[in-house]
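The values are calculated or read from the model by the stated rules, or taken from the named source; none is laboratory data. None of these values were measured; they are calculated from a predicted model. Here Cβ is always computed from backbone atoms with ideal geometry, including for glycine, and neighbour counts include all displayed protein chains.
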Amino acid sequence: MASFEKPEVPVFSTEVFQNEYLPEGGAEVNAIVTVTATGGGTGAVRTGAPADAAVVVMVDCSGSMDHPPAKMRNARDATAAAIDTLRDGVSFAVVAGTHTAREIFPGGGRLAVADATTREQAKFALRKLTASGGTAIGSWLALADALLAGAGASIRHGILLTDGRNEHESPQELRAVLDACAGHFTCDCRGVGTDWEVKEVTQVASALLGTADIVADPGHLAEDFRQMMESAMGKEVADVQLRLWTPANSLIAFVKQVAPSVADLTARRADVNARTGDYPTGSWGDESRDYHVCVRVQPAGVGQEMLAARVSLVLPSAGDEPPRVLGQGLVRAVWTDDMAASTRISPQVAHYTGQAELAGAIQQGLEARKAGDTDRATAKLGRAVQLAAESGNEDTAKLLAKVVDVVDEAKGTVRLKRGVADADEMTLETRSTKTVRVKKQA
Amino acid sequence: MPQLTVCPSCAEHLEPEDKFCGNCGAPLADADPPLLGAEHLTGADADAEHLTGADADAGHLTGADADAEHLTGADADAGHLTGADADAEHLTGADPDAGHLTGADADAGHLAGADAAGAGRDGESAFGVIGDAPTGSYSLAPPAPGHPPQAAPAPQAAPIPVTVPVSSSTAERSVVPPAPPRAGAVDPRQGMLAQPEPEPAGDCVSCEAGTVGDDGFCTRCGHRAPRERDHVERQLPTVAAVSDKGLRHHRNEDAFALAEAERPDGGRAIIAVVCDGVSSATRPDEASAAASQAGGAQLANDLADGAEPRQAMHEALLTAAAAVSALAPPEAAGDPHFNAPACTCVSAVLIGDLLTVGWIGDSRAYWIPAGGTQEPARLTEDDSWAARMVEAGLMSEADAYADPRAHAITGWLGADAEELDPHTASFHLDTPGVVLVCTDGLWNYAESAAELAAVLPSGARTDPLGCARSLVQVALDGGGHDNVTVAVLPFPAVDGGAEGAGERRA
Ligand SMILES: [Zn+2]
Ligand SMILES: [Zn+2]
């Protein structure tokens, strides 16, 4: 791109993959937009400049964290590992979460600034993380929101650990908090053990544009927390919006992130004007994400060409300044009577259509399995096995193989396993949205 | 992604992803590359220009651009490809004793007498043929065993985010009005960020309500605004050409260049170069633009320096091919999945009564004599699968042209061309007529020379531009499935230039 970026913001490049050729009367335009941010440097590499970031770690301290007792100790150790991973200059706080939220460090509604002293103080304070009480995740997030709002940092992030169901507030209460917090900060969520609800945790991560995962063995928490914090320290720019312009008389069928995981953004549009809307993408470090845009346009005649969508990454500016455009790609439509051209399917579009179907098949299959609908569960999970194999999604294939016995991978013939471990089922459900990128052609 | 390497506004070096210049903010989507010789085209007095030595180098080189889809065979009109009359136009280079041979060309061939239906009798032939080296230029090697003739390259999956049309500058005699000047260094991104979208009565020809943005799309309905290259007309005193997008393609991938050059002896060389981008290749529009401009410039330069016309023609085809090859990114070399930019090329040079043609691919040149005194003739032999099969004696003409592979070209300009085999031939003209140089977008609708002669408007010799327009209309009336381009060179040259150097020296 031309040089209009500030030095600390990564350079964004966009690439559009599509078959722009439509048959006569064709209306649906699909494209995969790959957005790659580079040049910001990751946390491991960066030194020097004070970090413009703030992180709040929320640790579940409900009574169940004492069963087994090692769980609470592992959570303390994991939080200590995360604190050790903080870059100097990053603002941070630790919150204990029960049916209410309590500041563990530094307290007083403030954040501490990371250095050798504050890190030691914080780790010492972790002894106050003790298990007793209930679970109201919304109250933890509300406190984190208030703490982060006072920090004035441009990158605001949360790390949330829970081991149980959100029993001490209603789903509506949690939803309301998520709606209030969305766009204020991003949040990665982890469920430890197997007594938590996958949908609750993924709901929080999705609303707050973070990752969700399971840490079935509390002994693995420390390594997981260190990685999460490293990733957070690598973020260079926050509040990036995917801006979509579409022509008059067109309809946006969907806008999805499809790599590294599937996340439907369609309903999260904020209108900019009649033909332009913004979709939140959260914060970015050096990373690459793929988006699938599907637009229905008014068909034009053979030989006509139109712009079906203009996809840009924009960064809102303070005050009256126009937002900065970080990158842009054009999605086109060209009507042709060349059947060879119009019947071609973009490999990228086909691949991610399959990955999205894979995620859906797993979720529907597990739901059917829980509901005792064996036929539907077998069909859906069989289809998932087939899709995972076709697309080379080996991680997902391995997780599926712990829930079903694979008879014929290519045909998607499976039998449901008996006595599946809760951890295996929850891992599959939590990670169902993870995708792989298009295999390089030989 | 198609790319310019420097900003056309401020010459700032550009990165491959740039859509706007990082220095001045100029949009790069519609940038016009400088046209060779354009500075010679601004004077008011055309005659003075092309007669002065200093200007002869670049001559009146104009370039034009235009789209092509001639490789699938599916869009070719098979009906007229099987006619027996095709024989009459086919030239062979076998017979060495042609009418107007000159010393150096003594090994040349001429019109195949028996087939030519009166046009090719020795000593009174319409024109002699000065063919290629002993075997003539029309023998095509049979396909190598195990290597079937290369069909049209497979359609490319489509990571083509942006199309950057490469359009030539407007020449002095351009009939197309120059594009309105663009706003200067205003960052075009701001346009889309404006909060209330302004909707004045727009300049969009599709919805008439939206305005066309800097990327060439209507900011309201998204339709691509017509591009300069969609329809291009040019004329010089002695030659004219028209190129049109046609009715079924979204882009014009044909291109042409016209030029006049003064020979050292004061004679005039009239030059027309026509190229047809290979649609299934990457950036075919850029390929044809590059080839026509490079080929035209090379011919103008060499002929002004006194080069022998067929040698100049050969060199010009190599130069044009190199220009197309240069469009392929070096990192794609050896990548079998990369479809390098490619095009055909056909050129005609008229110096006095000596006509020289050169070609690679299936774009063609025809001679259409006036007044029915001679038979019209096709002067080129396609580098196509069907032509090869017939030439090699492997199939009958009817069978070959009925085959789906018939129109797959076997020769083209581009980095992935297996071998470059420029064909050249020269002819002495001895009766008034016109030379047509065209892409398959025209000859698909009038394949034989006789069919073309039948649709040639009267007055073609005195109004070459009108003639070119009229021929383009024939293709459009026939369906306009492909891009269509035709250049018309009247003989004798319309302003009397062909009558000779002596007059001008006097
Ligand atoms: Zn063509
Ligand atoms: Zn419009």
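Residue pairs whose Cβ atoms lie under 8 Å apart, separated by 6 or more positions or on different chains, with the first residue in region B:477-489 and facing another protein chain (nearest Cβ under 10 Å) and in a loop (DSSP other than H, G, I, E, B) and the second more than 8 Å from ligand 1 (Cβ to nearest atom) and of a type in the set (A, V, I, L, M, F, W, C), are B:GLY480/B:LEU247; B:HIS481/B:LEU247.
B:GLY216 meets each of the listed conditions (1) within 16 Å of ligand 2 (Cβ to nearest atom); (2) over 27 Å from A:VAL325 (Cα atoms); (3) of a type in the set (Gly, Ala, Ser) apart from (2).
Being assigned to a loop (DSSP other than H, G, I, E, B) and buried (at least 18 other Cβ atoms within 10 Å of the Cβ) is the filter here, so list the residues in region A:184-197 that pass it. Please lay out each step first, then the result.
Of the residues in region A:184-197, the ones assigned to a loop (DSSP other than H, G, I, E, B) are A:184-185, A:193-197.
Of everything in region A:184-197, those that are assigned to a loop (DSSP other than H, G, I, E, B) and buried (at least 18 other Cβ atoms within 10 Å of the Cβ) turn out to be A:PHE185, A:GLY193, A:TRP196.
So is A:ALA423 more than 23 Å from A:THR202 (Cβ to Cβ) and aliphatic (A, V, I, L, M) or not? When the stated conditions are applied, A:ALA423 does not pass them. Answer with yes or no whether A:VAL407 is in a loop (DSSP other than H, G, I, E, B), β-branched (Val, Ile, Thr) and either closer than 30 Å to A:VAL33 by Cβ or in the same structural domain as A:THR353 (by TED's automatic domain parsing) (or both). No: the conditions fail for A:VAL407. Filtering region B:415-441 to residues that are of a type in the set (Gly, Ala, Ser) and in a loop (DSSP other than H, G, I, E, B) leaves B:ALA415, B:ALA417.
Among the residues of region A:327-369, those identified as at the interface with chain B (Cβ under 8 Å from one of its Cβ atoms) and of a type in the set (Asp, Glu) are A:ASP337, A:ASP338.
Only a single item in (1) within 16 Å of ligand 1 (Cβ to nearest atom); (2) over 15 Å from the mean Cα position of the chain (by Cα) is not met by B:GLU375, and it is number (1).
B:ALA387 passes every criterion in (1) within 20 Å of B:VAL484 (Cβ to Cβ); (2) of a type in the set (A, V, I, L, M, F, W, C); (3) within 16 Å of ligand 1 (Cβ to nearest atom); (4) not in a loop (DSSP other than H, G, I, E, B) apart from (1).
Report the residue count in region A:238-251 for those that are away from ligand 2 (no atom under 16 Å from the Cβ) and over 16 Å from the mean Cα position of the chain (by Cα).
Summing the residues that are away from ligand 2 (no atom under 16 Å from the Cβ) and over 16 Å from the mean Cα position of the chain (by Cα) in region A:238-251 gives 3.
Among the conditions (1) surrounded by fewer than 23 Cβ atoms within 10 Å (Cβ to Cβ); (2) touching a Gly at 6+ places or on another chain (Cβ under 9 Å); (3) outside any helix (DSSP H, G or I); (4) not aromatic (Phe, Trp, Tyr), the only one that A:ARG376 does not satisfy is (3). Scanning region A:269-326 for residues that are hydroxyl-bearing (Ser, Thr, Tyr) and away from every other protein chain (no Cβ under 12 Å), we see that the one that is surrounded by the fewest Cβ atoms within 10 Å (Cβ to Cβ) is A:SER288. With the condition kept exactly as written, say whether any residue in region A:234-253 is surrounded by fewer than 16 Cβ atoms within 10 Å (Cβ to Cβ), over 20 Å from A:TYR352 (Cα atoms) and in contact with an Asp or Glu (Cβ under 9 Å, 6 or more places away or on another chain). Looking through region A:234-253, none of the residues is surrounded by fewer than 16 Cβ atoms within 10 Å (Cβ to Cβ), over 20 Å from A:TYR352 (Cα atoms) and in contact with an Asp or Glu (Cβ under 9 Å, 6 or more places away or on another chain).
Tell me which residues, restricted to region A:198-223, are touching a His at 6+ places or on another chain (Cβ under 9 Å) and either assigned to a strand (DSSP E or B) or more than 16 Å from A:ILE137 (Cβ to Cβ) (or both). Before you say what the answer is, go through the steps one by one.
Let us first name the residues in region A:198-223 that are touching a His at 6+ places or on another chain (Cβ under 9 Å), namely A:208, A:210.
Hits for region A:198-223: nothing passes.
In the same structural domain as A:ALA131 (by TED's automatic domain parsing), hydroxyl-bearing (Ser, Thr, Tyr) and under 27 Å from the mean Cα position of the chain (by Cα) - does that describe any residue in region A:102-117? Looking for residues that are in the same structural domain as A:ALA131 (by TED's automatic domain parsing), hydroxyl-bearing (Ser, Thr, Tyr) and under 27 Å from the mean Cα position of the chain (by Cα), one finds none in region A:102-117, hence no.
Here region B:237-265 is the region considered, the condition is being within 12 Å of ligand 1 (Cβ to nearest atom) and farther than 11 Å from B:ALA487 by Cα, and the residue that is surrounded by the most Cβ atoms within 10 Å (Cβ to Cβ) is B:ASP254.
Selection within region B:439-455: residues that are modelled with pLDDT of 95 or more, farther than 15 Å from B:ASP244 by Cβ and surrounded by 24 or more Cβ atoms within 10 Å (Cβ to Cβ). The member of this set that is farthest from ligand 1 (Cβ to nearest atom) is B:ALA449.
Test A:ASP337 against the stated conditions and say whether it is in a loop (DSSP other than H, G, I, E, B) and not polar (S, T, N, Q). Explain how you work it out, then say what you get.
Numbers: in a loop (DSSP other than H, G, I, E, B): yes; not polar (S, T, N, Q): yes.
Considered against the rule, which asks whether it is in a loop (DSSP other than H, G, I, E, B) and not polar (S, T, N, Q), A:ASP337 comes out as yes.
Taken over region A:243-265, the criterion of being touching a Pro at 6+ places or on another chain (Cβ under 9 Å) and away from every other protein chain (no Cβ under 14 Å) is satisfied by A:LEU265 alone.
Looking only at region B:211-248, count every residue that is in a loop (DSSP other than H, G, I, E, B) and more than 12 Å from chain A (Cβ to nearest Cβ) and tell me the total. So that I can check it myself, show each step before the final result.
Within region B:211-248, the subset in a loop (DSSP other than H, G, I, E, B) is B:211, B:213-216, B:219-222, B:225-227, B:237-238, B:245-248.
Applying the additional criterion that residues be more than 12 Å from chain A (Cβ to nearest Cβ) yields B:211, B:237-238.
Of the residues in that region, 3 qualify.
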